[in-house]
Each structure stands twice: as C-alpha cells, then as structure tokens.
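Peer 1: Just dropping this structure here.
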Amino acid sequence: MKIGAFEEIVLLAVGSLGENAYGVTIKEILQERTGKNPSIGALHSALYRMEGKGYLTSKEGGATHDRGGRKKKYYQLTAFGRKVLIEANALRLSFAEQIPELNFFVK
Amino acid sequence: METNNKPPRWADRFLTWFCSEEVVETVQGDLYELYGKRLSERGKTIARLCYIRDVFDLCRPFAIRRINRITTTDMHKHTLLLVYRSFLRYKSSFFINLIGLSTGLACALLIYFWVSDELNVDKFNTNDARLYQVLANSYDEVNGIQTGPVTPGILAEALAREIPEVEYAASVVPASWFSEQGIISLGEKKIKSKAHYASRDYFNMFSIDFIKGDPRQALADKYGMAISEEMAVKLFKSTANSIGKTVEWMDGTVPGSYHITGVFRNPYHTTSPAEILLNYDVFLDSRPWLREWGNSDPLTFVLLREGADGNTFSNKIKGFIKSKHNESRNTLVAQRFSERYLYGRYENGVPAGGRIEYVRLFSIIAVFILVIACINFMNLSTARASRRENQEKEIGVKKAIGASRYVLFIQYLEESMLMAFLSLIVALALVYILLPQFNQMTGKYLHLSADPRMVLALLGVVLFTGLVAGSYPAMYLSAFRPAEVLKGKLRSSLGERWIRKGLVVFQFAVSVLLIVCVVVVYRQIAYVQSKNLGYNRDNVLHFDGGIRMENSEGFFDEGGKHEKEMETFLQQVRNLPGVTNVANYEHDLTGRHGGLQGVDWKGGKEDERMHFNNLQVGFDFIETMGIRLAEGRSFSSERSKERSKILFNEEAIRVMGLKDPVGKVIRVWGQEKEIIGVAKDFHIESLFEEVRPCIIQLEPRSLKIMVKIKGGAEQETIAQLEKIYQGRNPGLAFDYGFVDDDYQALYVSEQRVSLISRYFAGLTILISSLGLFGLAAFTVEKRTKEIGIRKILGSSNARIAFLLSGDFTKLVLLAILIALPLSFFIARNWLNGFAYSIGLEWWFFLGAALIAMVIPFVAVGIQTIKASRVSPVESLKEE
C-alpha cells in the first residue's frame with residue numbers, strides 16, 4: 001500500500017472530522033494538531049490524488065455567501081481508505097515493538 | 001461579500017483561467033472562506049498576500065486545465081485518415097508529390113553531405129584557430145603580384161626565434177612536390193613512395209594520431225622517420241613492432257638509413273596525406289642554398305600563441321624577408337591553414353575566393369531544387385482544393401461545426417509534414433542507392449551515418465520542406481469562408497491564380513538558368529580538352545626511370561656514370577619497334593615545372609627579376625611532346641657543349657624584346673648561354689593560366705622518362721617497356737601513366753562540377769515538369785465539360801490540346817524571358833575565370849529555351865490529349 005506521511009495525516013484528519021471534512025476544516029484541524037500550516041495547494045493536491053486512488057469519496061454541497069456561492073467538497077473515508085490507514089498503523093507498530101524504549105506504546 | 005473586501009481581482013482571474021472548472025468550484029470556495037477568516041483575524045494586507053500565495057501554490061498539475069487534450073488527438077487521427085484517403089483518391093498527384101519531393105530531398109541531401117564534407121577539409125586540428133600558413137607575395141612587371149605557398153627555407157626557424165607571437169613554426173616540403181618517387185626498402189622488400197619533410201615541431205602543431213610512438217619525439221631525431229599506418233603494414237605486415245627498426249631510403253634528395261620513430265594515421269579530411277615523414281633538417285642539408293634568404297622552396301606553417309591575433313601577425317611579418325635580404329621584393333602574408341582549401345585563390349595579393357565558389361554554387365542549387373519541389377506541392381494542393389466538390393466543402397463543413405482556422409492550418413501543415421517525412425524515407429533510400437556513384441563522381445568517401453548532426457540536419461530539412469510546402473496551402477485553404485463555400489459560391493480566385501502562375505514561372509526560370517549554365521560548363525570543359533595546346537599529348541606514356549644508387553665518386557655528375565647509364569637505357573627504349581620517340585625530363589607540361597629568376601639579357605639589374613617558367617628536360621623532349629619550333633633547332637645529342645645552349649618560347653622572346661634571338665648569348669644565373677631556338681607557344685598547366693615566358697634548359701640526367709608510342713601498338717610496347725624496366729630495376733613494379741590523363745587531372749574539379757551540375761539540372765527540369773504535369777491534370781479535369789462541349793461543336797483533338805497548353809506555354813515563355821539575361825551574366829562571369837574560354841553562342845540560350853518549352857509542352861500535351869479523347873457523352877452526362 002503506497003501512502004506518504006502527509007497523505008496519511010490528511011487521511012486521518014478527514015476521518016476524524018467525520019461529516020464536516022472539506023478543504024478549510026481539514027486545513028484548520030491539521031494546523032491545530034500538527035502546529036504546522038499546510039499549503040492549500042499541497043492539501044488539495046493530496047485530496048485529489050487520494051480520491052483518485054479510492055481512499056476517499058466526495059460529495060458536493062453547502063454553498064454559502066462567504067464562499068462566493070461556491071460549493072464545498074466534502075470528503076469521506078472509504079472502506080479501502082480505512083484499510084490503508086489500519087495497515088499503515090500496523091506497520092508503524094510492528095517497528096515500534098522492536099524498539100525497547102517504545103514498547104509501552106503497544107503493551 | 002463587500003466589494004472592497006474582495007481578494008485581489010487579478011489573482012482570482014488567474015485562478016479561474018488556469019484551473020479546470022471542476023477544481024475551481026471547490027478550491028475557489030475554500031480560498032474565499034479562508035480569505036474571509038484571515039481578513040477578520042489578521043487584516044486586509046495579510047489576507048490578500050496569503051490569497052495570492054495560495055493561488056500560485058495551486059498551480060499544480062492536478063488543478064491545471066487540460067487544453068482540449070482529447071479533441072486534439074482526435075484531430076490528429078482524423079488528419080491522418082484524411083491524408084490517407086486523399087492519397088488513395090488522388091493517386092497521381094500523390095505520386096507526383098512523392099517523386100518530386102523525394103528526388104528534391106535526395107538531391108539536397110547529397111549536396112548537403114558534399115558541402116559539409118568540403119567545409120570540414122583540413123579542419124581536423126585542435127589548434128585550428130591558431131594554425132596559420134605563411135604565403136609569399138612576389139611581384140614582377142609582367143605577372144603582377146603572385147601569391148604562392150613557396151617560402152624561404154629558413155623562414156620557419158627565424159619566425160619561431162624572432163616573432164614572440166609564434167609558439168611553433170615548421171617548414172614542410174609536401175610529398176606531392178616531388179615528381180619522382182623514391183624507394184623505401186627493408187631487407188629485400190622495396191616499396192615506391194614519396195617523402196614528406198617537416199620540421200621537428202610539426203606534430204606539435206598538426207593534430208595527427210599516432211598509433212605507435214610519441215608524436216612530440218617523432219621528428220626529434222634528424223634520422224628519425226615516421227610512417228603511415230598503411231606503410232607500416234606494407235613494410236612490417238602490422239603496426240605492432242615497427243618502432244626502432246631501421247629502413248633504407250633511396251631518392252635523389254636524401255638517401256640513407258633511417259629508423260622508425262612513429263606510426264601515424266592520416267586524418268580523413270586532410271589535403272596532404274603522407275606516407276613517410278622525414279626531418280626537414282635532412283632536406284635542408286641536401287640543399288645548402290636554401291639557407292639563403294633569396295631562395296625558396298618549403299611551405300611554412302606557424303602556430304600562434306593563445307590570444308595572438310592572426311591579422312596583426314600577418315601585418316607584422318609583411319616585410320620580414322626584406323629585413324633579412326634587402327634585395328627581395330617578396331612580402332609575406334599569413335592565412336588560416338584551414339581556410340587554404342576553400343579560399344586558396346589570391347589575386348593581386350588579396351584572397352579572391354577559390355573552391356568556396358563551388359560550395360556556394362551547389363548550396364544554391366540544393367535550395368533551388370528543394371524550393372522547386374516544394375512549389376509543386378503548393379501548386380498541387382491548392383489546385384486540388386479549388387475543385388469545388390471536395391476539399392472546399394470539407395473545409396466548409398469543418399468550419400461550420402466549429403473548427404477554428406488555427407486547427408485547419410495545423411491540419412494542412414501536418415499533411416505537408418507527413419508528406420515531407422514520407423519523402424524523406426524514400427529520399428534516404430535513394431541516397432543510399434546513389435551514394436557510391438556520387439562518391440565516384442565527387443572523389444569523396446561520403447557515407448550515411450546516424451550521428452547527431454546528420455539526424456538534426458535531416459530533421460531540419462524535413463521541417464523546412466514541410467513548412468515551405470505546407471504554409472501557403474495551409475494559409476490559403478484555412479481562410480475559406482464556410483457559408484460561401486457551402487453555398488457553392490465561386491470565389492474570386494484572381495490572386496490565387498497569380499500566385500500559382502508566379503510559382504510556375506519561378507520554377508521554369510530556374511530550370512532555364514540551370515540548363516544554360518550546364519551547357520556552358522560542359523562546352524567549356526570540352527573546349528579545354530580539345531584545345532590545341534601547342535603540344536601533342538596523345539599516346540605519350542611516362543614513368544619513373546628508377547634510381548640506381550652507387551656511391552662511386554662523381555656518379556651523379558654531369559657526364560658521369562649515371563648520365564651514361566640513362567642514355568643507354570633510353571637507347572634501349574628507342575630501339576623498340578612501337579616507340580616513335582623517347583626522352584627523359586625533369587619538368588613536365590602538366591603542372592610540375594619550375595620557375596626561375598635571374599635571366600639577364602640586357603646586362604642590367606632590373607631584368608633579373610623577371611619570372612620565367614623553367615623546363616629542364618633531356619634530349620628529344622621537344623620532339624616527343626610534339627612542340628613545334630618557330631625558328632632555330634632543339635637540343636641534339638650529336639653535338640657537344642649542348643648544356644650551354646637554351647631555348648625560349650615565343651612569349652619569352654616577346655617579353656624580353658629580343659630581335660633575331662637565335663645565336664644570341666645571354667646569361668642565366670651568371671652563366672653564358674646561347675639561344676639556339678624558339679619554340680612556338682605551348683600551354684603548361686591548365687587553361688586557367690595564360691602562356692607565360694618559358695625557358696627550356698638541357699638536363700640529360702633527368703630521371704623521368706616519356707615515351708611516344710605509335711597508335712595501335714600500345715599493348716605490346718608497354719609489355720616490352722616493362723621488360724626493359726625490370727632489367728634496370730629488378731624487383732620494382734612498372735608504374736606508368738599517360739600525359740593525357742595528367743592533363744585531364746588538371747581539370748578534375750571542373751569536370752566534377754560539370755558532371756554533377758548536369759545531373760542536378762536534369763533533375764530540376766524533371767521536378768518542374770512533374771509539377772506542371774500535375775497542374776495540367778487538374779486544369780483539364782476542371783474543364784472536362786468545356787472540352788465536351790467544344791467537341792460536340794466540332795473542335796478537333798489537336799485544337800483542344802493546343803488551346804489547353806496555351807496557358808502554360810505563356811508562363812514558360814515568361815520564365816524564359818526572365819531567365820535568359822540572368823543566365824547570360826552568370827555564364828559570362830564564370831568564363832572570365834579562364835584565360836582561354838569559349839564565346840557565348842546564341843544557340844546555348846535558344847537550346848535552353850527550346851528544352852524548357854518542349855518538356856512541359858509534352859507533359860501538358862499528354863494530359864490534354866487524354867482529356868480530349870474522352871467521349872463528350874461521358875463528360876457531359878454527369879451533373
């Protein structure tokens with residue numbers, strides 16, 4: 001399963017936002033949790049890419065005045081996306097197990 | 001949103017411009033939302049700046065709008081299909097285009113190969129930009145300023161020592177200057193060859209690859225010898241263990257033992273390939289008089305230091321000889337060595353072109369041929385389009401359903417590019433087949449190879465052809481107005497017809513020009529070959545007598561053993577039944593003659609500087625060559641003291657202003673000589689040169705032998721000669737040549753030009769006629785109904801054919817009118833280069849005009865007769 005670190009964190013963010021995951025909210029939650037301000041271009045590029053890979057689905061809606069009448073694009077994790085996240089996590093844990101100082105994570 | 005709270009307008013526009021619709025929908029909304037938040041939290045300026053940053057950040061592949069990607073590939077497919085269909089439908093015009101373009105391309109390619117090869121001659125040196133040859137300008141009252149490569153024997157040495165700009169300098173005596181061959185021997189093995197002499201720094205200046213040995217050390221030793229790869233293989237069977245071996249070298253100059261110091265490989269693009277290279281010091285030792293500034297023999301080359309300017313150097317050395325030798329009237333001038341080949345001719349001491357003129361001539365011909373082939377393509381495609389029922393409608397429909405002019409333009413260019421590409425493939429096949437013959441004609445070793453420059457050149461030619469051929473039809477066809485075309489309105493096609501006519505006129509003007517030029521070149525060459533030269537070169541065979549070395553005292557002296565042996569040998573030859581005359585000689589009449597100053601006939605000083613051509617020959621030379629005498633007699637072996645006698649030619653007597661010359665005594669180099677005869681003027685060298693004053697001296701020790709053979713007895717006489725020769729020179733092959741061949745060789749480059757230009761002119765006419773043939777086919781097809789009606793009304797076939805060819809005849813006539821004066825000037829210019837040339841006859845021009853008339857007339861005639869023979873019922877029943 002090919003997934004980059006940034007893609008993984010975006011995928012996690014989308015999952016954690018549930019019904020309200022679109023460009024601005026994803027950006028904000030990433031900023032809040034990581035302390036880093038992700039570039040809007042990189043974010044959208046990752047979202048489009050992962051939608052293409054089938055990790056995410058999207059639906060449109062919620063045009064508001066302060067969006068200049070433009071629709072939001074809401075993203076949702078697919079089952080496949082969830083599986084990718086689980087596998088990526090498992091991989092991480094399997095490495096962490098072998099490092100004594102990190103063992104407490106697992107047990 | 002409030003108006004003043006909007007993000008920067010231009011950035012917003014930029015976003016909607018580059019983003020695809022789908023992305024804009026979500027991304028722009030996000031950006032607005034973010035902008036609104038930032039505006040309230042961090043102020044307007046920051047918000048705006050962030051907005052701009054984000055817009056640029058979004059310039060990523062996923063967001064960027066795809067420009068008609070799908071539709072364009074469809075267009076390409078569609079174009080290909082259309083091209084394919086039109087090929088199928090109009091087979092004849094397809095083949096005319098293909099044949100025309102591919103022969104045009106093949107010619108252009110061949111010429112390109114030839115030209116690029118010419119341009120590379122002598123350019124193999126890594127120090128090319130700094131490598132100069134020093135030339136000498138000599139002056140006398142009769143000949144004016146003559147620029148030549150012969151320089152004082154110690155010039156190179158002095159230049160290297162005294163001129164700071166000179167890094168290295170070398171004197172070189174090229175092998176081609178020696179008329180007789182020497183013999184290199186290793187044990188029993190003997191091989192004839194000629195030696196090249198060069199100063200020790202020669203290989204520091206010229207980039208010549210060494211297979212064995214060190215180039216810098218190759219000539220360091222006076223008795224070292226560098227040999228070519230071929231010579232090494234001949235001598236030692238391989239190049240492997242030749243270094244250090246000792247070989248014997250025998251010639252009239254520097255006989256002795258030499259040891260091999262290196263084996264080199266001659267560069268492909270060199271004008272003076274060498275087999276044997278000896279140290280120049282050896283040469284100088286054998287000719288001590290060359291250490292004086294007044295005497296000249298070798299070529300001089302210099303390698304300037306990095307950063308030194310050639311012109312400055314040339315000016316600096318101008319008076320160099322005079323500073324050494326006050327009496328000298330020679331000045332020096334330097335020319336880039338690599339320019340010598342193409343710009344070798346000097347007039348009045350300044351460069352006046354040379355072979356570059358042929359390079360230019362052929363380049364122009366190549367472009368003309370290509371353009372003519374392209375014109376065919378243009379004419380045929382526009383003519384085809386003007387038949388209402390097909391292409392115009394196609395364009396109309398395409399435009400009506402939304403194709404832009406740009407798309408159509410591209411489509412037509414694509415069609416012509418495709419055509420050019422197809423033609424290139426055919427042309428390459430043609431070139432591949434023709435290259436061996438072409439090499440034979442040009443004396444080159446060209447070959448097709450896939451080096452990047454070649455590929456680039458090919459692509460360049462195809463692009464050029466495709467663009468030139470396709471641009472006009474593309475512009476013309478894509479400009480159709482759909483509504484008018486679909487309604488079937490006839491456009492006023494006046495301009496279009498004019499352009500097509502203009503192009504035909506241009507084609508034929510060029511063709512006529514080429515015909516005239518070819519005829520003139522051909523006639524001039526024929527004239528040169530048949531002109532009475534003042535001597536008879538038929539059935540005269542020549543060969544090296546071969547040198548037999550003997551170290552006995554006075555062997556080579558006047559009247560010595562060598563001379564006696566030579567006389568015996570000549571007598572043996574003379575006794576052969578097939579031999580009319582035989583003579584030995586030092587100089588010949590086909591370029592290898594000497595020159596001398598120092599003939600004193602007035603007892604003054606000034607006459608000594610007159611330059612005479614010098615012929616040193618044995619007894620009977622004048623009789624063998626069939627030179628006639630105006631008065632007096634020639635040398636006779638029956639008389640004594642013949643060495644103190646001389647002959648002149650009539651020109652020399654005229655220049656000297658002598659009356660009753662026979663019997664007069666003059667001084668040559670301080671020695672008294674009696675004039676015993678005056679020869680009628682004869683040409684030495686090619687007809688580019690005028691007859692110059694010539695002095696004939698006796699030299700019975702000469703090594704080369706000339707034999708006049710009775711017509712019909714050549715075969716057995718040569719066999720007998722070989723036998724006698726082998727008796728004198730055991731183990732050596734009998735190499736001989738004919739004087740006539742030598743004479744022809746003087747005109748090799750003219751003959752090549754004549755031959756090549758004849759082929760190319762023929763092709764030009766062929767291509768032009770092909771185009772006319774195609775055009776005629778369309779005209780006839782357009783007028784099918786008219787022809788039908790005319791026939792019903794009683795017109796004859798011939799009458800119709802005449803009517804239809806009338807249009808074309810007018811065009812060709814116009815072309816002839818334009819081309820004739822032009823060709824007259826060009827031909828006259830070329831002929832001026834010869835000292836003796838043909839006059840321009842009226843029939844050259846009339847003939848060219850007739851050819852230019854007849855060929856297209858036949859082409860058009862075939863089409864019209866074909867059309868007029870169709871039964872009118874056939875042509876009129878369709879509507």
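Peer 1: Residues that are under 27 Å from B:SER338 (Cα atoms) and in contact with a Leu (Cβ under 7 Å, 6 or more places away or on another chain): find the strands (runs of 3 or more DSSP E) completely inside the stretch B:73-179 holding 3 or more of those. Spell out how you get there, then give the answer.
Peer 2: Numbers: elements: B:131-140, B:144-148, B:166-173.
So the answer is B:131-140, B:166-173.
Peer 1: Turning to a different aspect of this structure: Can you tell me which residue in the stretch A:17-27 is surrounded by the fewest Cβ atoms within 10 Å (Cβ to Cβ), limited to those that are within 11 Å of chain B (Cβ to nearest Cβ) and among the aliphatic types (A, V, I, L, M)? Show your work before the answer.
Peer 2: Step one: list which residues in the stretch A:17-27 are within 11 Å of chain B (Cβ to nearest Cβ), which gives A:22-27.
Next cut, among the aliphatic types (A, V, I, L, M) only: A:24, A:26.
Values: A:VAL24: 20, A:ILE26: 23.
Applying the filter and picking the extreme gives A:VAL24.
Peer 1: Moving on to the next point. Out of all the residues in the stretch B:415-426, is one or more surrounded by fewer than 14 Cβ atoms within 10 Å (Cβ to Cβ), part of a helix (DSSP H, G or I), of a type in the set (Asp, Glu) and out of contact with any His (no Cβ under 8 Å at 6 or more places or on another chain)?
Peer 2: no
Peer 1: For the stretch B:270-306, what are the residues that are basic (Lys, Arg) and assigned to a loop (DSSP other than H, G, I, E, B)? First the steps, then the outcome.
Peer 2: If we filter the stretch B:270-306 for residues that are basic (Lys, Arg), which is where we start, we get B:287, B:291, B:305.
If the condition is that a residue be basic (Lys, Arg) and assigned to a loop (DSSP other than H, G, I, E, B), then B:ARG287, B:ARG305 are the ones that fit.
Peer 1: Which one of the conditions (1) out of contact with any Leu (no Cβ under 8 Å at 6 or more places or on another chain); (2) surrounded by 13 or more Cβ atoms within 10 Å (Cβ to Cβ); (3) at the interface with chain A (Cβ under 10 Å from one of its Cβ atoms) does B:PRO7 fail to meet, given that it meets all the rest?
Peer 2: Against the list (1) out of contact with any Leu (no Cβ under 8 Å at 6 or more places or on another chain); (2) surrounded by 13 or more Cβ atoms within 10 Å (Cβ to Cβ); (3) at the interface with chain A (Cβ under 10 Å from one of its Cβ atoms), B:PRO7 comes up short only on (1).
Peer 1: Restricting attention to the stretch B:56-68, which residues are of a type outside the set (Val, Ile, Thr) and away from chain A (no Cβ under 11 Å)? Talk me through it step by step, then tell me what you get.
Peer 2: Initially, the stretch B:56-68 is screened for residues of a type outside the set (Val, Ile, Thr), giving B:56-63, B:65-66, B:68.
Residues satisfying the conditions are B:ARG65, B:ARG66, B:ASN68.
Peer 1: Any residue at all in the stretch B:307-315 that is closer than 18 Å to B:LYS123 by Cβ and assigned to a loop (DSSP other than H, G, I, E, B)?
Peer 2: So in the stretch B:307-315, the residues closer than 18 Å to B:LYS123 by Cβ come out as B:310.
When the remaining residues are screened for being assigned to a loop (DSSP other than H, G, I, E, B), the result is none.
Checking the stretch B:307-315: not a single residue is closer than 18 Å to B:LYS123 by Cβ and assigned to a loop (DSSP other than H, G, I, E, B).
Peer 1: Among the residues of the stretch B:239-249, is any in contact with a strand residue (DSSP E or B) (Cβ under 7 Å, 6 or more places away or on another chain), among the β-branched types (Val, Ile, Thr) and under 21 Å from B:ASN125 (Cα atoms)? Full working, then the answer.
Peer 2: Quick first cut of the stretch B:239-249, residues in contact with a strand residue (DSSP E or B) (Cβ under 7 Å, 6 or more places away or on another chain) only: B:239, B:242-249.
If we keep only those that are among the β-branched types (Val, Ile, Thr) too, we end up with B:239, B:243, B:246-247.
Next, only the ones that are under 21 Å from B:ASN125 (Cα atoms) stay: none.
Scanning the stretch B:239-249, I find no residue that is in contact with a strand residue (DSSP E or B) (Cβ under 7 Å, 6 or more places away or on another chain), among the β-branched types (Val, Ile, Thr) and under 21 Å from B:ASN125 (Cα atoms), so the answer is no.
Peer 1: Tally time: how many residues in the stretch B:10-55 are within 12 Å of chain A (Cβ to nearest Cβ), among the hydrophobic types (A, V, I, L, M, F, W, C) and without any contact (Cβ under 8 Å) to a residue 24 or more places away in the chain?
Peer 2: 3
Peer 1: Something else now. Given (1) outside the structural domain of B:GLY618 (by TED's automatic domain parsing); (2) buried (at least 16 other Cβ atoms within 10 Å of the Cβ); (3) assigned to a strand (DSSP E or B), identify the lone condition not met by B:ILE675.
Peer 2: With (1) outside the structural domain of B:GLY618 (by TED's automatic domain parsing); (2) buried (at least 16 other Cβ atoms within 10 Å of the Cβ); (3) assigned to a strand (DSSP E or B) applied to B:ILE675, the lone miss is (1).
Peer 1: Name the pairs whose Cβ atoms lie under 8 Å apart, with the first residue in the stretch B:649-671 and on the phi > 0 side of the Ramachandran plot, the second surrounded by 12 or more Cβ atoms within 10 Å (Cβ to Cβ) and of a type outside the set (Val, Ile, Thr), and 6 or more positions between them or separate chains?
Peer 2: Here the result reads B:GLY663/B:GLU674; B:TRP669/B:LEU596; B:TRP669/B:GLY598; B:GLY670/B:GLY598; B:GLY670/B:ASP600, each pair linking the stretch B:649-671 to a residue that is surrounded by 12 or more Cβ atoms within 10 Å (Cβ to Cβ) and of a type outside the set (Val, Ile, Thr).
Peer 1: Would you mention how many residues in the stretch B:186-212 are part of a strand (DSSP E or B) and surrounded by fewer than 19 Cβ atoms within 10 Å (Cβ to Cβ)? Walk me through how you get there before you give the answer.
Peer 2: Looking only at the stretch B:186-212, we keep the residues that are part of a strand (DSSP E or B), and these are B:186, B:189-193, B:195-198, B:209-212.
Subsequent filtering for residues that are surrounded by fewer than 19 Cβ atoms within 10 Å (Cβ to Cβ) retains B:186, B:189-192, B:209-211.
Result for the stretch B:186-212: 8.
Peer 1: To continue, here is another question. Which residue, of B:ALA136, B:ALA175, B:ALA106, B:ALA169, is touching a Pro at 6+ places or on another chain (Cβ under 8 Å) and touching a residue at least 60 places away in the same chain (Cβ under 8 Å)? Break it down stepwise before answering.
Peer 2: On the way: B:ALA175 fails: touching a Pro at 6+ places or on another chain (Cβ under 8 Å); B:ALA106 fails: touching a Pro at 6+ places or on another chain (Cβ under 8 Å); B:ALA169 fails: touching a Pro at 6+ places or on another chain (Cβ under 8 Å).
The match here is B:ALA136.
Peer 1: Looking at the stretch B:225-247, can you tell me whether even one residue there is within 30 Å of B:ASP742 (Cα to Cα) and part of a loop (DSSP other than H, G, I, E, B)?
Peer 2: No: the stretch B:225-247 contains no residue that is within 30 Å of B:ASP742 (Cα to Cα) and part of a loop (DSSP other than H, G, I, E, B).
Peer 1: Looking at the stretch A:28-69, which of the residues that are in contact with a Ser or Thr (Cβ under 9 Å, 6 or more places away or on another chain) and surrounded by 21 or more Cβ atoms within 10 Å (Cβ to Cβ) is nearest to the other protein chains (Cβ to nearest Cβ)?
Peer 2: Restricting to residues being in contact with a Ser or Thr (Cβ under 9 Å, 6 or more places away or on another chain) and surrounded by 21 or more Cβ atoms within 10 Å (Cβ to Cβ), the top hit is A:HIS44.
Peer 1: Hey, among B:GLY603, B:GLY663, which residue is modelled with pLDDT of 80 or more, in a loop (DSSP other than H, G, I, E, B) and in the same structural domain as B:LEU703 (by TED's automatic domain parsing)? It would help to see each step written out before you state the result.
Peer 2: On the way: B:GLY603 fails: modelled with pLDDT of 80 or more.
Answer to the selection: B:GLY663.
Peer 1: Can you list the helices (runs of 4 or more DSSP H) found entirely within the stretch B:691-783 that contain at least 2 residues being not assigned by TED's automatic domain parsing to the domain that holds B:ASN575?
Peer 2: Output list reads B:739-745, B:748-782.
Peer 1: Of a type outside the set (Phe, Trp, Tyr), buried (at least 16 other Cβ atoms within 10 Å of the Cβ) and within 14 Å of chain B (Cβ to nearest Cβ) - does that describe any residue in the stretch A:78-89?
Peer 2: Looking through the stretch A:78-89, none of the residues is of a type outside the set (Phe, Trp, Tyr), buried (at least 16 other Cβ atoms within 10 Å of the Cβ) and within 14 Å of chain B (Cβ to nearest Cβ).
Peer 1: Please verify whether B:LEU820 is modelled with pLDDT of 80 or more, part of a helix (DSSP H, G or I) and surrounded by fewer than 18 Cβ atoms within 10 Å (Cβ to Cβ), treating the condition exactly as stated.
Peer 2: Working: modelled with pLDDT of 80 or more: yes; part of a helix (DSSP H, G or I): yes; surrounded by fewer than 18 Cβ atoms within 10 Å (Cβ to Cβ): no.
It is false that B:LEU820 is modelled with pLDDT of 80 or more, part of a helix (DSSP H, G or I) and surrounded by fewer than 18 Cβ atoms within 10 Å (Cβ to Cβ).
The values are calculated or read from the model by the stated rules, or taken from the named source; none is laboratory data. Owing to the predicted nature of the structure, the values given are computational and were not obtained by experimental measurement. Please note: Cβ atoms are built from the backbone with ideal geometry, for glycine as well, and neighbour counts cover all protein chains shown.
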